[in-house]
Structures are given as structure tokens and as C-alpha cells.
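Remarks on the structure that follows.
The values are calculated or read from the model by the stated rules, or taken from the named source; none is laboratory data. Since the structure is predicted, the reported quantities are computational estimates derived from the model, not experimental observations. So basically every Cβ, Gly included, is an ideal-geometry build from the backbone, and we count neighbours across all protein chains shown.
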Amino acid sequence: MGKKGQILKHVMFLLFFVAWFAYFYVLWRDMVVFDGADLRVGGINVWGDWAMHFTQGSSFAYRSLFLTQHPLLLGAPYAYPFAVNWISGVLVRMGMEFFSAFVIPSFAYSLFFVVVLTFLFWKIFHSRAVAMLATTIFLLNGGLGWWWYVQDLIASPNWITALRFAKEYTHLTSVGIQWISVITSMIVPQRSFVFGYSYALLILLLVFRHIERARHAWSMKWFIGFGVVCGLMPVIHMHSFIMLAIIFGWWMLWSLARKEDGGRQHALACWIVMGCITLLLASPLFITFFSQTVGKVTRGSFIQWYPGWFVNKNAEHAGMDWSWWWFLNWGITLPVGIVGWSIATRKLQVITLPFFMMFVLLNLFLFQPYVWDNTKVLVWASLGVSSMAAYTVWKLWQKHIVLKICAGLLFLIMILAGTLDAYGALDKRKHNWSMYEAQALIAVDAFRHLSKSDDVILASDSHNNPFINLSGRQVVMGFRGWLWTYGFDYGPIEQDVLTIFCGEMHAQELLKKYNIKYVIFDDKVRNEYKGNEEYFSRRYHNVLESGQYVVYEIK
């Protein structure tokens, strides 16, 4: 290739990153806005998930940088990969505006995600074209949802249907489509995922670059460093930690079995040192997570035998044909990826095999109580499938014109549904959710100043209760939906909470048992919990009142 060709390749590679930078800038620019009356967020998944992240971040910002119990359940171990929210808490302590401390880092993590993902694919395939194709297929994942978009256009052929559609075409539950856009379901709402997955990808990239060399050239210092950064993974992203263990276990066997002269003992020593350091650093966190949360609290409800995943006999789409369900959800990406793996070199097959193994595992086991959460394993399987699908497209593109056209069509079909949802996410007019009322924000700020950082509060478990999310105070019991997905057995505390709010016989001793300093009434407490506000108003001082919220100080 001549000089002009090389320049063109560099320019296209640069434009690829510029395009993704522009996309994520527009996406994050007004993700959290204040319109004078409400604080609003730009997506239902952000509205749902970020309340939890605000709760953890405010605990780090306003209570302590070293939490020993879960911010959403009094007395429960803090078994959550907290690093991403710890960073936001530190930023708030340094003077950054609270909500900016979540949005700005998330924008940065999104960009880092794209960069490290692309460079990992580039390093594995030694092709910038394959890297750009694979990254795009990965980020714009989707199945056959685009077919329903076409049907909508036929039924109502106008620009509103074409450009301002109300559906998520990677999330059509009624027809069985559940493999939601990675951008809208993970990168944007799941802050631990976008940070932790990017961190894990960077580790993969660095390790792969090193082990590609001749074994005798491996540096023990580098493997010591790899062990240190891997050992921190449990507090960054637990799922990625487990997936890295699977990948590195396989890559170790591959690197030791390679046919080359010497260096096998040195390579084995490097892997052993890396593994020992990782275990030394990660074991206290990992053991705490499983012994306290999975063992004692969840009663073994985490990892289950669950063949078929969403078409399991107990799942939402029970009875649907397994292969048809996957075709609906992943379209042609999975079969094209399998074809790519079958035609790839032996080396590429071995390198990407663990990602295909993960696909098998997620179809056999459930890795968390919430069925959809197996996507946290699927997104790792997607690394291998997307890259091999891209490899197939690139191989076809290098052939004659007919196969070039086929390659273009395959690529378009693979990314069409995901592109529709990625585009739809930019339209905040239809993704505009009220998170907190202005009055509530003022009240929480006042409450934070009148209370102490170690005070315990009792409040309703509304997922976006501002006193839980933004005050930084320890709550007795937060949103039960999250507690269930974490696997917590919150039943006994739930009953005590209801007893206190109703002012029943043992309310006084339960207030003392949990060392509760403030009880906060709102409409949910009054209507759903049947709270007895008269009981509290006669006994305790009303220290703050704003809108539906009334705060009683327990003395």
C-alpha cells in the first residue's frame, strides 16, 4: 500500500474515534438536567439505576470514604464493586458539583471503553479494519428488532415513525427480544460496568501484548504488575474479575502449549506469580463477598442450574424454541461469528475460544437471582462473537464485488437494531424522567446540615427517595428490588420497618434496636405502609417538612 493509502487508513481510524466521541458527547451532554422545577434524567435505565449509584456516592461523599456496611441495608456487608462510586464521592469532596461528579466521569469512561475495546481487537487481529468493525458490532448489538421497525414504517409511513420512534427495538419483550442495546442497558446506566469492563479490557490488552512475545522474553516485573491490577478487580467489577480468571486460565494453557524453543518454565513461573498476587489481594474481598452475601445472606440463591436461560421452564419465555430465541435476540451475528471462528487461523480460534465457552455457560447457569443479569456474562461472550463476525465481514470484503456487497449487507443487518436504539437514546424528549423535585433537593440539603454523618434514618424504600439517595446517611432498608437482586434476605428487617412505621407495640424498642435517629414520612409510607403519622407527631419533634416529606427526630 502506498503512502496515500496509509494516510487514508490513519484518517479513517481517527474519524472512527471522533464519531464515537461526538456520539457520547451528545448522549451525555444533557443526561442530568435541572429545569427549575425538577431534576430530570435522560433515560428510564438511568432513572432506575442511578438512584442506587447516587446513594453509594453520597455515602462516600458525606459520610465516610471507608464504608463497612451496605448503604441500602443496615448491618449488611458492603458486597458491591464500589470503586466507581467511590471516585465520584472523592470528586464531590474535592468540590465538584454532586451530579457532575457522576455524569462527567461516565462520559470519560464511555470514551475509554471505545478506545481500549478497539485497541484490544486491533492487537488480536492485527487489523484496524477488523477492530473498527468488531467494536461497532459489539456496541450496536441487536437482533431482529429492526424488522418491527420496518413494520411500523409500513403501518405509519411518516417522519415521526421514521425518526422519533417510541420503541426500543432491542427490547421487545412481547416477542421475546431481551438482549438490549449495550449502550442503553449497560454503558449508560451501569456505572460499575462501564468502568470495570473497560478496566478489565485494558488488563486483557496489556497481558495479551506481553504473552504474544516469545516466552523467554516475558518480564516478571510486568506479571507482578498484572497481578496487582487484577487483584483490585473485585472492588471494581466482580463479574469481570470472574471472566478474567476464565480467560487467563485458558490463555495460560495456550501460552505454555505453544510450539517454540524454551521458556516454558519461565512462562509458568510468571503465570504463577501473577495468580498468587491476584489471590493475595483479591481473596479478602472475594471471600467476604461469597461468605457473607452468597452464603449467609442469600441462602445459596446466586449460581443456579438454569438451562435455556430466558427459555428455561421457569423463565419469562418458557416454551419458546431456544435457537429461535437467540436468532430473535442476536440476529445473524451469532451464526456469522461462528462461521468466522471456523475459518479463522488456529491461533485466533484458541485465543477467542473462552468467549464462546462463556456463551455456553450462560445458557446453562444463572449467575444472579435476576434472570436478565446473565447479560453480564453475555457481554463477555459478545467480545468473541462480535470479533469473529467482523472477521467474516472483512474476509468477504477482500473478495470480488458480489461478496463485498454481501459483506456490507451482513454488517448492516448486524448493527441495524442497535443503531436504531443508539440513535433513539439521543432524543431526550422521549427519554425525560423526573428524578427529584426541586423542593426535595432543598430539603435534603437542609437535612444533611442538621443531621450527623453517622445518623441512621428510617424512610420508605422508593428507589429514588432523595433522603436515601442524596443525604449520605445510613438507611435501615432501601429499595427492596435492589436488595433482592443483590441476594439479601431482608425479610426480618422489612417486617420491623413496617412495625415501626405503624407505631405498633414494639415500635419503641425497634427504634432503639436499630439506633434510628430520624424517621421520614412520605406518601408511600402513608399509603402503602399504612404509616401512623399521628403516633410520631405526638411523641417526636418535627424538624423538617417539605412537600410530602416530614422528618421526625427520635430522642
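Some points to look at:
- Look at (1) in contact with a Leu (Cβ under 6 Å, 6 or more places away or on another chain); (2) closer than 24 Å to TYR80 by Cβ; (3) aliphatic (A, V, I, L, M) and you find that ILE554 fails only one, number (2).
- Helices (runs of 4 or more DSSP H) within the range 184-263 that include 1 or more residues under 28 Å from ILE104 (Cα atoms), within 14 Å of the chain's Cα centre (by Cα) and not polar (S, T, N, Q): 191-211, 238-257
- Residue among GLY89, GLY75 that alone is buried (at least 20 other Cβ atoms within 10 Å of the Cβ), outside the structural domain of ALA129 (by TED's automatic domain parsing) and out of contact with any His (no Cβ under 6 Å at 6 or more places or on another chain): GLY89
- Residue check for SER156: more than 30 Å from GLN6 (Cα to Cα), modelled with pLDDT under 95 and among the hydroxyl-bearing types (Ser, Thr, Tyr): yes
- Every condition in (1) outside any loop (DSSP other than H, G, I, E, B); (2) surrounded by fewer than 17 Cβ atoms within 10 Å (Cβ to Cβ); (3) out of contact with any Leu (no Cβ under 8 Å at 6 or more places or on another chain); (4) among the hydrophobic types (A, V, I, L, M, F, W, C) holds for ILE457 except the one numbered (2).
Matching residues to (1) in contact (Cβ under 8 Å) with a residue 60 or more places away in the chain; (2) over 19 Å from MET243 (Cα atoms); (3) in the same structural domain as LEU268 (by TED's automatic domain parsing); (4) among the aromatic types (Phe, Trp, Tyr):
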residue: GLN178; (1), (2), (3), (4): yes, yes, yes, no
residue: GLN190; (1), (2), (3), (4): yes, no, yes, no
residue: VAL194; (1), (2), (3), (4): yes, no, yes, no
residue: SER198; (1), (2), (3), (4): yes, no, yes, no
residue: LEU201; (1), (2), (3), (4): yes, no, yes, no
residue: GLY227; (1), (2), (3), (4): no, no, yes, no
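- For ASP522, the requirement of being within 20 Å of LEU73 (Cβ to Cβ) and in contact with a strand residue (DSSP E or B) (Cβ under 7 Å, 6 or more places away or on another chain) is met.
- Subset of the range 490-507 that is part of a helix (DSSP H, G or I) and over 18 Å from ILE520 (Cβ atoms) - its residue that is modelled with the highest pLDDT: GLN495
- Any hit, the range 29-37, residues being surrounded by 15 or more Cβ atoms within 10 Å (Cβ to Cβ), within 19 Å of the chain's Cα centre (by Cα) and not basic (Lys, Arg): yes
- Selection within the range 458-489 - modelled with pLDDT of 95 or more, among the aliphatic types (A, V, I, L, M) and out of contact with any Gly (no Cβ under 7 Å at 6 or more places or on another chain): LEU458, ALA459, LEU470, VAL475, VAL476, MET477
- The lone exception for GLN368 - which of (1) in a loop (DSSP other than H, G, I, E, B); (2) surrounded by fewer than 19 Cβ atoms within 10 Å (Cβ to Cβ) it fails: (2)
- Conditions (1) touching a helix residue (DSSP H, G or I) at 6+ places or on another chain (Cβ under 9 Å); (2) of a type outside the set (Asp, Glu); (3) not in a helix (DSSP H, G or I); number of the one not met by LEU420: (3)
- Where a residue in the range 390-406 is surrounded by 11 or more Cβ atoms within 10 Å (Cβ to Cβ) and its partner, wherever it lies, is of a type in the set (Lys, Arg) and in a helix (DSSP H, G or I), with Cβ under 6 Å and at least six apart: TRP397/LYS404
- Filtered residues of the range 107-126 (kept if under 18 Å from VAL350 (Cα atoms) and either buried (at least 23 other Cβ atoms within 10 Å of the Cβ) or in contact with a helix residue (DSSP H, G or I) (Cβ under 7 Å, 6 or more places away or on another chain) (or both)): LEU120, PHE121, TRP122, LYS123, ILE124, PHE125
- Some residue of the range 481-490 being closer than 14 Å to ALA51 by Cα, among the hydrophobic types (A, V, I, L, M, F, W, C) and in the same structural domain as ILE520 (by TED's automatic domain parsing): yes
- The test for being crowded, with 22+ Cβ neighbours inside 10 Å, in the same structural domain as PHE121 (by TED's automatic domain parsing) and not small (Gly, Ala, Ser) does not hold for ILE242.
- Some residue of the range 532-549 being surrounded by fewer than 21 Cβ atoms within 10 Å (Cβ to Cβ), in contact with a helix residue (DSSP H, G or I) (Cβ under 6 Å, 6 or more places away or on another chain) and part of a strand (DSSP E or B): yes
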